[in-house]
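The values are calculated or read from the model by the stated rules, or taken from the named source; none is laboratory data. Since we're looking at a predicted model, the values are computed, not measured. Cβ placement follows ideal geometry from the backbone for every residue including glycine, while neighbour counts extend to all protein chains displayed. Each accessible area value is taken on the protein alone, full model and side chains, heavy atoms only, with ligands, DNA and RNA left out. Shrake-Rupley method; radii C 1.70, N 1.55, O 1.52, S 1.80 Å.
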Amino acid sequence: MKAKTLRFRMMFLFTAVVGILLAGSYLAFWGLLAHEVPSQLNRQLLETARPLIADIVTEPDAQDIKRLDIPGNFFELLDTTGQVLQHSKNLTAPIDLDGISVAVSRPTFGIARIGNAQSVRIALVPFGQGDQARVLLVAIPTLGTNGLLESFGRVALLLFPLSLLLTAGISAFYVGKSLAPVTALTQHAALMAKQVTNRQGFWTPLPVSSPHDELGHLAETFNHLLQGVDSAVRQLRQFVTDASHELRTPLAVLHGETELLLSKPRSAEEYQKTLAVFNDEFTKLTRIVEGLFTLSMADAGQLHLASEPLYINEVLEEACALVTSRARLKNITIVRELNEEIAYSGDEAFLHQLFLIFLDNAIKYSPEGTQVRVSLAQQDGTIRAGFEDQGIGITTEHLPFIFERFYRAAPSTGGEVHSGGLGLAIAQAIARAHGGCIECNSAPGVGSTFTVVLAVTHSAESNLEGQPKQKLILA
């Protein structure tokens with residue numbers, strides 16, 4: 001209904017504008033014609049009068065006017081009182097000047113009648129004959145002139161409504177054709193709005209009838225917009241599904257342990273074991289909630305970094321020290337290749353968290369009795385921190401998705417504290433916030449190597465000059 005209303009309004013507006021232009025054109029042409037035709041007749045009358053006046057002045061007694069019998073031309077010779085001295089032979093009745101004065105000093109034009117019937121256009125041309133003033137009256141019928149103007153008026157009255165009807169038809173056709181893509185876009189968008197709750201997604205490309213005009217550009221812009229919206233909706237749905245699943249697991253454990261604990265009296269040792277389980281599950285929930293908060297801040301572009309001068313090797317040493325006890329539980333050796341001191345300017349807390357994520361994963365997915373190698377080097381203007389394990393590795397089909405939230409290429413071992421599938425997503429957000437990236441090389445059954453690549457900040461070296469260096473000694 002709205003599209004039809006818009007089409008009618010555009011058609012009406014276009015027809016009205018064209019109608020006004022046509023009416024103005026007809027009136028202007030009619031006015032020009034009404035002015036130009038009498039002017040032409042006046043010139044014709046003057047040209048007819050000049051040779052006659054010359055003859056009369058030359059031969060005053062010749063009585064030339066009485067002998068004139070020119071079809072469609074009538075003549076009278078008048079004195080200044082209006083008395084007819086001579087008239088042409090074809091003039092059957094005197095010309096009624098209808099109040100026009102003959103006492104004129106220059107050519108005068110007007111409309112008169114022959115008797116009471118025929119209308120004529122006259123020219124009163126004064127001249128001197130000897131010492132007497134005379135006026136030559138020349139007249140021609142106005143029937144042709146009036147007929148021309150009347151014919152034009154009738155044709156204009158006939159053509160005007162026909163022109164409006166034709167204009168309305170053409171405008172309806174072209175407006176409909178022009179609005180057809182807009183109507184199609186509207187219908188397609190309305191269909192997608194109804195499908196927005198569809199679990200399979202709602203986005204399908206809008207039709208692009210002509211990619212090189214404005215509507216084509218509009219449709220392509222909407223396609224890009226809707227594709228982004230659809231991607232965001234899909235990610236949001238997947239995020240909610242995965243988050244609810246991850247949160248449901250520790251909550252179910254807590255609920256089950258609570259019911260078991262309250263089912264009958266327990267000993268102090270049993271209470272202690274149950275509280276330990278509670279602590280583990282609360283730790284998992286805390287990691288998930290903190291990870292979700294960090295990612296939401298990164299998504300909103302509000303992950304604010306406290307840029308401060310530091311040494312990357314010292315941050316790595318501290319991270320290795322924190323996971324040493326966990327590594328010893330699985331008899332995993334952490335081999336450090338951190339001999340080079342590298343100055344950097346960044347957020348120490350976030351970098352610490354970034355390195356811990358890779359160390360935790362390396363220990364988590366590595367079998368007992370293996371090694372985790374941590375390296376640090378400068379190469380081609382970048383700082384490269386590497387984490388190489390001898391774990392289960394990642395298959396090729398999983399590699400493109402390992403940085404997605406709640407995605408796991410391999411199941412985590414039971415009972416271990418983890419970030420709920422958010423670790424690599426958080427690591428990527430932190431690396432990007434520092435202007436860096438993460439590289440991954442992995443082979444199933446051989447192990448994985450994650451490399452954090454950061455840009456060298458020259459200002460950090462100058463800021464750290466003169467500051468005492470603290471070495472962390474690990475047992």
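Restricting attention to the range 335-354, which residues are more than 19 Å from Arg287 (Cα to Cα), touching a residue at least 40 places away in the same chain (Cβ under 8 Å) and aliphatic (A, V, I, L, M)?
Ile342, Ala343
Test Ser267 against the criterion of being over 21 Å from Val452 (Cβ atoms), at pLDDT 80 or above and either charged (D, E, K, R) or open to solvent by less than 90 Å² (accessible area, probe 1.4 Å) (or both), and give yes or no.
yes
Testing Leu236 on (1) exposed (fewer than 14 other Cβ atoms within 10 Å of the Cβ); (2) at pLDDT 80 or above; (3) not basic (Lys, Arg), one condition comes back false. Which one is that?
(2)
With the requirement that a residue be polar (S, T, N, Q) and open to solvent by 40 Å² or more (accessible area, probe 1.4 Å), what does the range 272-299 give you?
Once the filter is applied, which keeps residues that are polar (S, T, N, Q) and open to solvent by 40 Å² or more (accessible area, probe 1.4 Å), the range 272-299 yields Gln272, Asn279, Thr283, Thr286, Ser296.
Of all residues in the range 113-125 being of a type in the set (A, V, I, L, M) and outside any loop (DSSP other than H, G, I, E, B), which is surrounded by the fewest Cβ atoms within 10 Å (Cβ to Cβ)?
Here the residue is Ile114.
Quick one: what pairs do we get from the range 163-191, first residue closer than 18 Å to Ile20 by Cβ, second of a type in the set (Ser, Thr, Tyr) and surrounded by 14 or more Cβ atoms within 10 Å (Cβ to Cβ), C-beta under 8 Å, 6+ apart or different chains?
Leu164/Thr15; Thr167/Thr15; Ala168/Thr15; Ser171/Thr15
Please specify each residue of the range 436-448 satisfying the condition of being open to solvent by 60 Å² or more (accessible area, probe 1.4 Å) and assigned to a loop (DSSP other than H, G, I, E, B).
Selection gives Pro444, Gly445, Val446.
Among the residues of the range 146-167, is any assigned to a loop (DSSP other than H, G, I, E, B) and either open to solvent by less than 60 Å² (accessible area, probe 1.4 Å) or of a type in the set (D, E, K, R) (or both)?
no
When you go through Gly128, Gly99, Gly110 one by one, which is the residue that is of a type outside the set (A, V, I, L, M), closer than 30 Å to Leu52 by Cβ, open to solvent by 30 Å² or more (accessible area, probe 1.4 Å) and assigned to a strand (DSSP E or B)?
Going through Gly128, Gly99, Gly110 in turn, the sole match is Gly128.
Among the residues of the range 300-336 satisfying the criterion of being within 20 Å of Ala429 (Cα to Cα) and in a loop (DSSP other than H, G, I, E, B), which is least open to solvent (accessible area, probe 1.4 Å)?
The selected residue is Leu303.
Applying the selection to the range 277-331, what residues are in contact (Cβ under 8 Å) with a residue 60 or more places away in the chain, closer than 28 Å to Thr370 by Cβ and small (Gly, Ala, Ser)?
Gly291, Ala321
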